[in-house]
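A short write-up of the structure that comes next.
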Amino acid sequence: MTKEGVIALEAEQRHLKEKERPAIIQAIAVAREHGDLKENAEYHAARERQSFVEGRLAELKSIISLAEIIDPSTFSGDLVRFGATLELADEETNAVSTYQIVGTHEADIKNGRLSVTAPMARALIGKSLGDSVKVVSPGGSKFYEIIKVDYK
C-alpha cells in the first residue's frame, strides 16, 4: 500500500471515531426517549448504522496494522511495478490514459488509481516503456502501448 493510501484509511478511521460514533450514540439516545424499542424504527436504524460503523472500524484497524507501506519514489527505471504511474495509449483509438498501480484498498479507477490485482495491472506489471500489452478483461481484449513510466 502507498503512504497516501494508509493516510486516507487513517482519515476514514478518525472520521468514524470522532464524528460517526458520537452521532450514532446521540441518535440512539433520542430514539430511546420515544419509548417502546420493539417498534421504534429510528432506534433500529441507529443500531444498524452502529453495527456497520463498528464493523468498518475493525476492518480498517486490521488493514492498517497489516499494511506494508511502499514508497514508489524510491523506484526508478522503465520497468512497471507497484506504485508506477503510467501513461497508456490505446492502440486502437490512440486515446491516452493515466493510471497509478496501487494496493487493493486504495484503488479508485475514477481517479486513475488501479488495483494491483486488476486484470490491467496484472498485465502491465513486469513490462517496460514502449511495450505493447494485451489486456484481457470480461469486455474482451485490448492492446495498449506503455508511453510513460514514472515513480512519483
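The values are calculated or read from the model by the stated rules, or taken from the named source; none is laboratory data. Please read all numbers here as calculations on a predicted model, not as lab measurements. Backbone-built Cβ (ideal geometry, glycine too); neighbour counts: all protein chains shown.
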| said: I'd like the full set of residues that are without any contact (Cβ under 8 Å) to a residue 12 or more places away in the chain and of a type outside the set (Val, Ile, Thr), limited to the range 86-109. | reply: ASN94, ALA95, ALA107, ASP108
| query | Quick one: in the range 93-115, which of the residues that are hydrophobic (A, V, I, L, M, F, W, C) and crowded, with 18+ Cβ neighbours inside 10 Å is farthest from ILE69 (Cα to Cα)? | reply | LEU114
| message | Checking the conditions here, which among LYS38, LYS17 is surrounded by fewer than 16 Cβ atoms within 10 Å (Cβ to Cβ) and either under 30 Å from VAL116 (Cα atoms) or among the small types (Gly, Ala, Ser) (or both)? | response | LYS17
| field | Residue count, the range 43-101 (criterion: acidic (Asp, Glu) and either touching a His at 6+ places or on another chain (Cβ under 7 Å) or in a strand (DSSP E or B) (or both)) | value | 2
| Would a scan of the range 129-149 turn up a residue that is out of contact with any Cys (no Cβ under 6 Å at 6 or more places or on another chain), within 24 Å of VAL6 (Cβ to Cβ), of a type outside the set (D, E, K, R) and surrounded by 16 or more Cβ atoms within 10 Å (Cβ to Cβ)? | yes
| task | Give the residues of the range 114-128 that are without any contact (Cβ under 8 Å) to a residue 40 or more places away in the chain and assigned to a loop (DSSP other than H, G, I, E, B), sorted by residue number. | result | VAL116, THR117, ALA118
| request: Would you check which residues across the range 59-82 are under 17 Å from the mean Cα position of the chain (by Cα), loosely packed, with under 14 Cβ neighbours inside 10 Å and not polar (S, T, N, Q) and list them? | output: GLU59, LYS61, LEU66, GLU68, ILE69, ASP71
| field | The one condition in (1) at positive phi; (2) without any contact (Cβ under 8 Å) to a residue 24 or more places away in the chain; (3) touching a Pro at 6+ places or on another chain (Cβ under 6 Å) that GLY83 fails to fulfil | value | (2)
| request: Scan LYS38, LYS134 and give me the residue that is farther than 29 Å from GLU10 by Cβ, basic (Lys, Arg) and not assigned by TED's automatic domain parsing to the domain that holds LYS17. | output: LYS134
